[in-house]
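The values are calculated or read from the model by the stated rules, or taken from the named source; none is laboratory data. All values derive from a computational prediction rather than experimental measurement. All Cβ positions, even for glycine, are placed from backbone atoms using ideal geometry, and neighbour counts span all protein chains on display.
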Amino acid sequence: MENEEGFWQPVTPAYVELNEGQLEQLRAEVYSLAWNHAKKISARLAQQPKGAKPPTREALRLTQDYTLSVLRMLREVGPAADAVASEVASRAGSQGATYVQLGEAWGITRQSARGRWPGVTRVMVPVPEPTDLEMAGGTARVSYHPDESGWWYMATGANRRMDEAKETYDTREEALARAGAFLLANDSTEETK
């Protein structure tokens with residue numbers, strides 16, 4: 001980004017995957033954080049007389065009760081990370097991120113991201129125009145649904161049978177293909193009962 005104006009343009013991809021060294025560093029930092037916070041909940045340290053010299057980290061490492069205090073703090077890392085992730089997902093959604101992007105960043109599907117952080121992508125972005133499809137004597141309309149961050153269709157075959165998508169699709173092309181398959185399967189002009 002050479003100038004401030006270019007700085008605000010989205011960068012794709014938004015991130016690169018962590019390598020093993022970066023993952024190991026993250027684990028070490030989480031361990032250190034839990035170790036330091038365990039001091040706040042350690043019964044051993046709470047019972048220590050005022051003014052007494054605190055035990056060294058090496059001495060604490062050898063005690064079962066302090067190790068269990070560290071484990072208890074590590075248990076809180078997951079829920080704390082989830083709470084922070086919700087806040088960050090909401091911020092990303094308000095900046096224009098889609099559920100597809102949120103899901104990719106968290107390592108889950110678009111549908112799972114929508115279930116995990118409902119409503120965070122409600123941003124006023126231009127909605128693509130619907131696409132109409134005429135095929136095999138039937139018609140279909142493929143539309144984008146911002147709340148779902150996906151494409152959806154409604155179709156009526158030549159035989160008057162109607163169908164609509166049971167889920168949204170990641171791309172317009174996928175929704176068009178599904179709608180087209182329905183129209184081809186229902187190309188008979190004989191009405192079904």
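Of note:
- In region 134-167, residue farthest from residue 93 (Cα to Cα) [restricted to those that are touching a residue at least 40 places away in the same chain (Cβ under 8 Å) and crowded, with 20+ Cβ neighbours inside 10 Å]: 138
- Extreme residue, farthest from residue 78 (Cα to Cα), among residues of region 54-67 that are part of a helix (DSSP H, G or I) and polar (S, T, N, Q): 64
- Boolean, residue 179 is under 25 Å from residue 99 (Cβ atoms), at pLDDT 90 or above and part of a strand (DSSP E or B): no
- Residue list for region 46-82, filter: charged (D, E, K, R) and over 30 Å from residue 106 (Cβ atoms): 50, 53, 57, 58, 61, 65
- Taking strands (runs of 3 or more DSSP E) as the structural unit, those lying wholly within region 111-176 and holding at least 3 residues that are hydroxyl-bearing (Ser, Thr, Tyr) correspond to 138-145.
- Condition broken by residue 108, with the remaining ones in (1) assigned to a helix (DSSP H, G or I); (2) under 9 Å from the mean Cα position of the chain (by Cα) satisfied: (1)
- Unmet requirement for residue 125, which otherwise passes all of (1) touching a Phe, Trp or Tyr at 6+ places or on another chain (Cβ under 9 Å); (2) at pLDDT below 90: (1)
- Across region 10-53, the number of residues qualifying as part of a loop (DSSP other than H, G, I, E, B), surrounded by 11 or more Cβ atoms within 10 Å (Cβ to Cβ) and in contact with a helix residue (DSSP H, G or I) (Cβ under 8 Å, 6 or more places away or on another chain) comes to 5.
- Meets criteria (within 19 Å of residue 77 (Cβ to Cβ) and assigned by TED's automatic domain parsing to the domain that holds residue 80) for residue 45: no
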